[in-house]
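One structure is given below, encoded as C-alpha cells.
Just so it is clear, none of the values below were taken in a lab; they were calculated from the coordinates. These figures come from a predicted structure and were not determined experimentally. Please note: Cβ atoms are built from the backbone with ideal geometry, for glycine as well, and neighbour counts cover all protein chains shown.
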Amino acid sequence: MKTIISPSILGGSFSNMEKIIKSLDQSEAEYIHFDVMDGDFVPNLTFGPQFISNLRDHTKKVFDVHLMINRVGKFLDDYINAGSDIITFHLEIEENLDELISKIKGKNIKVGIAIKPNTPWEEIKSLLHSIDQVIVMTVEPGFGGQSFMVSQIDKIKNIFNYVRDQKLNVDIEIDGGVNYETGKTCIDAGANILVAGSFLFKQENLLTATNKLNNFFN
Ligand code: DX5
Ligand code: ZN
C-alpha cells in the first residue's frame, strides 16, 4: 500500500509560510498537515481558519487539518470554508462527536478522529465505522519536536487489525516524532500516512528532504 507523507508546517517559521507552502506544492508529498491549537485543549496556540484559507490559493495539495481545540462545533464552519480537505478533531473533547462527523461528511470533506497517547484504542472502535482516518498521536499533542513514543505501536497494530477484520476503509495516520526509523516501525505496524514536522524542517532543503522521505517509503 502507498504511504502518504503529510508534512507538518508547524515545523517551519510562520514568517515564511507562503514560501514553505509553495515548496511543498512542488514536492511529492500528497498532503500538507495543519496543526490548529487553541491554548485550551492543548497548552499551546497556533493559528486559525484565516491562516489556512490564505494559504489555500498557493497549492492544490490535500489540506490535512488537525484540530487540537475544544469547541470544535463553534468553529467548524470556519474550518470547512477555509478549504480543508480532511478535518480531524480529538476523541477526548466534550462534544457530540457523531454530530460533528455528520456535519463534516455532509460537506464532502473527509473526517478523522485523533487519539492522545493515554487514550486506549478501544475507545475509538465504534467510531471507526463512520470516519475516514484515525490519527494516532505518538507524542503528547501540543508541540512539535518531541520524541516518538514507542508505547503507541501496539495501539497502531490493534487499530489496523480491527480495520482489516471489519473491512473498513480507514486510513491510519501517525503524528509525532516521525523520522525514517520511527516511520518504518509505524508502517510495519499498519499505518499508511505519516506526519513529519521537525524532521523535515531541520534539514537543509525542505523540498529535497520531503521527496527523500516520500521515496524512502514508496
Ligand atoms: C503535535 C502535532 C504534530 C507536530 C509533529 O501536537 O500534532 O503534527 O507538528 O511534529 P514533529 O514531527 O516535530 O513531531
Ligand atoms: Zn498534527
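For this structure, a couple of remarks:
- Estimated purely from DSSP H runs of n ≥ 4, each contributing -39500 (n - 2.57), the mean residue ellipticity at 222 nm for the chain is -10000 deg cm²/dmol once divided by its residues.
- Net charge dipole, the stretch 93-218: roughly 360 debye, given to the nearest 20, about the Cα centre with Cβ charges of +1 for Lys and Arg and -1 for Asp and Glu.
- Only the Cβ atoms of Lys and Arg (+1) and of Asp and Glu (-1) were treated as charged; on that basis the dipole of the chain about its Cα centre amounts to roughly 500 debye.
- Loop-located trypsin sites (Lys or Arg not before Pro) in the stretch 34-119 (DSSP state other than H, G, I, E, B) with a sparse environment of at most 15 neighbouring Cβ atoms within 10 Å: Lys60, Arg71, Lys107.
- Gaussian network model of the chain, Cα within-10 Å springs - most flexible of Asn70, Asn16, Asn192: Asn16
- The stretch 1-89: antiparallel DSSP beta bridges as a percent of all, rounded to 5: 10
- Highest-MSF residue in the chain out of Ser23, Ser15, Ser147 [GNM, Cα springs under 10 Å]: Ser15
- A Förster distance of 30 Å, applied to the separation of the beta-carbon atoms of Asp98 and Asn161, puts the FRET efficiency at 0.80.
- Applying a DSSP loop filter and a limit of 15 other Cβ atoms within 10 Å to the trypsin sites (Lys or Arg not before Pro) in the stretch 153-197 leaves Lys167.
- Taking the convex hull of the alpha carbon positions in the stretch 155-201 and averaging its projected area over all directions gives 3.1 nm².
- Seen from every direction in turn and averaged, the convex hull around the alpha carbons of the stretch 111-218 projects onto 6.7 nm².
- Quick note on the chain: its Rg to Rh ratio, both from C-alpha atoms and Rh being the Kirkwood radius, is 0.93.
- Relative contact order of the stretch 113-193, defined on C-alpha pairs under 8 angstrom at six or more residues apart (%): 33
- Neighbour cut-off at most 10 other Cβ (10 Å), DSSP loop, GluC sites (Glu not before Pro), the stretch 69-149: Glu94
- Fluctuation leader among Pro117, Pro43, Pro141 - the chain, Gaussian network, Cα springs under 10 angstrom: Pro43
- DSSP-defined beta bridges in the chain - what % are antiparallel, rounded to 5: 5
- With contacts taken as Cα pairs under 8 Å and at least 6 residues apart, the stretch 150-213 reaches a relative contact order of 33 percent.
- For the chain, the residue among Ser15, Met68, Thr3 whose Cα projects farthest onto the positive side of the dipole built from Cβ charges is Thr3.
- Ordering Leu207, Leu45 from the fewest to the most neighbouring beta carbons within 10 Å gives Leu45, Leu207.
- Here the contact order of the stretch 4-217, divided by its residue count and restricted to Cα pairs under 8 Å and six or more residues apart, works out to 22 percent.
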